Amino acid sequence: MIRVKIATIVVSNQDRARHFYTQKLGFKVKQDIPLGGANWLTVVSPADPNGVELLLEPQTTQSNVDAQKVLYVGNIPITQLHTDNIHQEYDRLLGLGVAFRNPPTQMGPTYYADFDDTCGNIIRLIQA
């Protein structure tokens, strides 16, 4: 059976991404392997340490930069992260200085709030 183990998020600065995803979002570093100039850096939710890893992949080509910019300028989230209580998480993250593009907004049975990860991406926080 095929399953998702790693999902890639291209970041403009790997050190800043490490700080944001661990210190602000609360993820834990799962793998941090030096590869000569960059690291194989993955983070996981402490609630699911053996679950999907987010690979914080540094920009390495102009194509990466261009694709990331198109999504960012178009207000298109690169990925979605789930929470059981979006209002509580929104307030917590606001208190930590996370820049949201919108407050929790209802869309059908789902609530969402988009934020900037400080590394060139819009991330969508959802409660479904």
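By counting other Cβ atoms within 10 Å of each Cβ, how are Asp32, Asp117, Asp48 ranked from fewest to most?
Fewest-to-most ranking of Asp32, Asp117, Asp48: Asp48, Asp32, Asp117.
Net charge within 12 Å of Met107 by Cβ-Cβ distance, Lys/Arg positive one each and Asp/Glu negative one each, not counting Met107 itself?
Once all neighbours under 12 Å are counted, the net charge is 0.
Could you derive backbone 3J(HN,Hα) for the stretch 35-41 from the dihedral phi with the Karplus parameters 6.51, -1.76 and 1.60 (θ = phi - 60°), listing whole Hz in sequence and x where the residue is Gly or Pro?
10, x, x, 8, 10, 7, 10
Report the antiparallel proportion of the DSSP beta bridges in the chain as a percent, rounded to a multiple of 5.
That works out to approximately 65 percent antiparallel.
In a shell of Cβ-Cβ distance under 13 Å around Leu125, excluding Leu125 itself, what net charge do Lys and Arg (+1) and Asp and Glu (-1) give?
-2
Quick check: residue separation of Gln62 and Phe100 times 0.36 nm, minus the Cα distance between them. What number comes out in nm?
That pair, Gln62 and Phe100, stretches by 11.0 nm at full extension.
Could you pull out which residues in the stretch 88-128 have an amide N less than 19 Å from a spot 7 Å beyond the Cα of Asn13, following the Cα-Cβ vector?
Counting only backbone N, you get 96-100, 115-123.
Calculate the tail of P(r) for the chain: the fraction of all Cα-Cα distances greater than 17 Å, expressed in %.
Pairs farther apart than 17 Å: 59 percent.
Once fully extended, how much extra length lies between Ala47 and Gln80, figured as 0.36 nm per residue of separation less the alpha-carbon to alpha-carbon distance?
Once the chain is fully extended between Ala47 and Gln80, it gains 10.2 nm.
Residue-wise, which Karplus ³J(HN,Hα) couplings in Hz belong to the stretch 114-128, taking 6.51 cos²θ - 1.76 cosθ + 1.60, θ = phi - 60°, and x for glycine or proline?
After applying 6.51 cos²θ - 1.76 cosθ + 1.60, I find 9, 9, 8, 8, 6, 10, x, 10, 9, 10, 9, 9, 10, 10, 10 Hz.
Where a ≥ b ≥ c are the square roots of the eigenvalues of the C-alpha gyration tensor, would you call the stretch 79-127 rounded, which needs a/c under 1.5, or, failing that, prolate if a/b is larger than b/c, or oblate?
Verdict is oblate for the stretch 79-127.
Karplus couplings for the stretch 82-90 from phi (6.51 cos²θ - 1.76 cosθ + 1.60, θ = phi - 60°), rounded to Hz, Gly and Pro as x?
9, 9, 7, 9, 5, 5, 5, 5, 4
Coordinate-derived values only; no laboratory data. Computed from a predicted model, the values in this text were never measured in an experiment. All Cβ positions, glycine included, derive from the backbone under ideal geometry; neighbour counts span all protein chains shown.
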